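The values are calculated or read from the model by the stated rules, or taken from the named source; none is laboratory data. Remember, it's a predicted structure, so these values are computed and weren't measured experimentally. So basically every Cβ, Gly included, is an ideal-geometry build from the backbone, and we count neighbours across all protein chains shown. Each accessible area value is taken on the protein alone, full model and side chains, heavy atoms only, with ligands, DNA and RNA left out. Shrake-Rupley method; radii C 1.70, N 1.55, O 1.52, S 1.80 Å.
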Amino acid sequence: MKALRMGGSIAAALLAALALTAFAATAGVGSTSDAAHATAKFHDLVVAKAHGYGLLKDKNGVACIAMDAMPGMGAMGVHYAKNALVADGVLKVSTPEALVYAPSAGGTPRLAAVEYVVLKSAWDARHASPPSLFGHHFNLTPAGNRFGLPAFYSLHAWIWKHNPAGMFAMWNPEVSCR
C-alpha cells in the first residue's frame, strides 16, 4: 500500500511537470514584468525597426488604429509587427509579435503596449483550446478583418501606458489617433 501511494505521488508530480512543460512550450511562462523587461529597449523605435518590427497598416493604408465608430472606446495606436513571429505559431512573453505605439502630443510615438498574435490555423493545428497568457484568453479576430489577414488570436498588454479599461483590453480610452 505504501508503494502504491508513492507511485501515485510520482505520477501526480509527473503529470504536473508535463502540464507545466506543455504550457511553457506553447504560450510562454512569464509575467508582465518579464514582458516589460524584454521590451524596454523598444522605447526607441529605431531599435524596434532594427530588430525586424515593421509598420503595420490596415487594408485602407491606416496605420493608427482607432475605434472611430464608437466614441469613448479610444484607440490601439500604431502597430509595428514582426512577420516572422506572427507566422511561427509560437507565443513567448519575451518576444511579442507586435509593439504598439501611442501618438504623443508632440508627434513622437511612445511605446504603450505589446501585442501577442498567432494565426488561428497555426495555433489550432497544435492545440486543443485557444491561447491564453498572463491568465487572460486571447481575442479572436475572424478572417475578413481590416488587415486582410486570416483569422487570428491576439492579446494586448498595456505594460507601458495605463489603460483605464484594463491592462489586457483591446482598446485604450487614453489613446487617440487624432
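Our estimate of slack between Phe147 and Val47, defined as 0.36 nm per intervening residue step minus the Cα-Cα distance, is 33.5 nm.
With a 1.4 Å probe and all protein chains left in place, how much of the accessible area of the stretch 124-178 comes from carbon and sulfur atoms, in whole percent? Percent of accessible area from carbon and sulfur atoms in the stretch 124-178: 56. Over 18 Å between Cα atoms: which of Lys92/Lys161; Lys49/Lys82; Lys41/Lys161; Lys92/Lys120; Lys41/Lys82 fall into that group? From Lys92/Lys161; Lys49/Lys82; Lys41/Lys161; Lys92/Lys120; Lys41/Lys82, over 18 Å: Lys92/Lys161. Both the radius of gyration and Dmax for the stretch 50-178 are 14.1, 46 Å, in that order, over alpha-carbon atoms. So, counting K/R as plus one and D/E as minus one, what does the shell of residues with Cβ under 14 Å around Gly144 add up to? Net charge around Gly144: +2. When peptides 136-144, 71-79 are ranked by their average number of other Cβ atoms within 10 Å per residue, the highest-first order is 71-79, 136-144. With all protein chains kept in place, the per residue accessible area of the stretch 44-135 amounts to 48 square angstrom at a probe of 1.4 angstrom. Here the gap between Thr32 and Met67, fully extended at 0.36 nm per residue and compared with their Cα-Cα distance, gives a gain of 10.1 nm. In order along the stretch 97-105, the phi-based Karplus estimate (6.51 cos²θ - 1.76 cosθ + 1.60, θ = phi - 60°) of 3J(HN,Hα) comes to 6, 9, 10, 10, 10, 9, x, 9, 4 Hz; Gly and Pro are listed as x. Evaluating 6.51 cos²θ - 1.76 cosθ + 1.60 at θ = phi - 60° for every residue in the stretch 75-82, the Karplus couplings come out as 9, 9, x, 9, 9, 10, 10, 10 Hz, glycine and proline recorded as x. In the stretch 124-178, the convex hull through the Cα atoms has an average projected area of 5.1 nm², a quarter of its surface area.
In order along the stretch 150-163, the Karplus-derived 3J(HN,Hα) couplings, from 6.51 cos²θ - 1.76 cosθ + 1.60 at θ = phi - 60°, round to x, 3, 8, 9, 8, 8, 8, 10, 7, 7, 10, 9, 4, 10 Hz, and Gly and Pro are given as x.
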